[in-house]
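The values are calculated or read from the model by the stated rules, or taken from the named source; none is laboratory data. No experiment lies behind these values; they were computed from the predicted model shown. No Cβ is skipped: glycine too gets one built from the backbone with ideal geometry, and neighbour counts run over all protein chains shown.
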Amino acid sequence: MIIVKDGYPIIFSVLAITIATYFFCGPVWAAIPGVLSLFFLCFFRNPTALPPYDPNVLYSPAHGTVMAIEDIFDDEYLNEPATKVTIFLSVFDIHVNRSPIDGEIKYQRYTCGRFVPAYKKSASFENERHAIGLDNGRIRVLVSQVAGLLARRIVSWVTLGNKVQQGECYGMIKFGSSTELVVPKNVEITVKKYQKVTGGVTIVGRIKD
């Protein structure tokens with residue numbers, strides 16, 4: 001397990017405050033930023049292992065809890081009837097996002113927005129959002145990072161035309177958020193509402209040929 005590089009500035013800053021507080025104010029006061037340091041270390045943790053490659057399944061793009069499974073018509077990327085799986089990430093979950101399939105990024109869109117709590121349905125279209133469309137020749141999927149009440153920055157490490165491996169980390173959302181996975185109807189959803197899922201580990205769908 002490693003620490004995401006985007007967390008280094010925050011972690012080192014809080015550690016510096018902890019050390020300074022210890023010397024100038026004593027150990028009791030230093031405990032407060034010390035606890036924050038531990039929190040940020042946990043928050044920015046990132047398991048590095050990739051899942052076993054399986055072209056017939058879709059892995060969860062995030063750690064968290066499945067909050068909704070909806071039948072929709074996706075007019076953003078798939079342009080066909082689809083199923084949307086919404087995963088809520090609490091501040092205690094790992095916030096790194098992973099690719100559910102291998103493929104090329106054929107679509108990318110960033111939208112500025114508000115900071116409605118991520119568990120609310122309106123967050124999907126009101127909040128800051130970054131979406132990527134993946135295509136591997138067999139299946140196309142849309143994955144969206146949606147900011148929440150505490151989230152103030154969506155981070156993406158990929159761009160249009162990049163190729164990603166199944167389970168590969170491609171970005172993160174800082175502090176409370178949700179991730180949406182939109183798949184075509186030939187994917188059988190294998191998770192249930194309120195189920196806990198692990199990014200790059202839990203199988204959320206199987207392709208039906």
Checklist entry - Restricting the first residue to region 78-100 and requiring it to be charged (D, E, K, R), which pairs with a second residue that is part of a strand (DSSP E or B) and at pLDDT below 90 meet a Cβ separation below 8 Å and a spacing of at least six or different chains? => result 98/169
Checklist entry - Among the numbered criteria (1) farther than 25 Å from residue 80 by Cβ; (2) modelled with pLDDT under 80; (3) loosely packed, with under 15 Cβ neighbours inside 10 Å, which single criterion is violated by residue 112? => result (2)
Next on the checklist: Conditions first: (1) at pLDDT below 75; (2) of a type in the set (Val, Ile, Thr); (3) surrounded by 15 or more Cβ atoms within 10 Å (Cβ to Cβ). Residue 18 passes all but one, so which condition is the exception?
Outcome noted: (1)
Checklist entry - From the set of residues in region 78-96 that are assigned to a loop (DSSP other than H, G, I, E, B) and under 19 Å from the mean Cα position of the chain (by Cα), which is surrounded by the fewest Cβ atoms within 10 Å (Cβ to Cβ)? => result 92
Item to check | Wholly enclosed strands (runs of 3 or more DSSP E) of region 128-209 bearing at least 2 residues among the β-branched types (Val, Ile, Thr) | outcome: 140-147, 154-156, 177-184, 187-189, 203-207
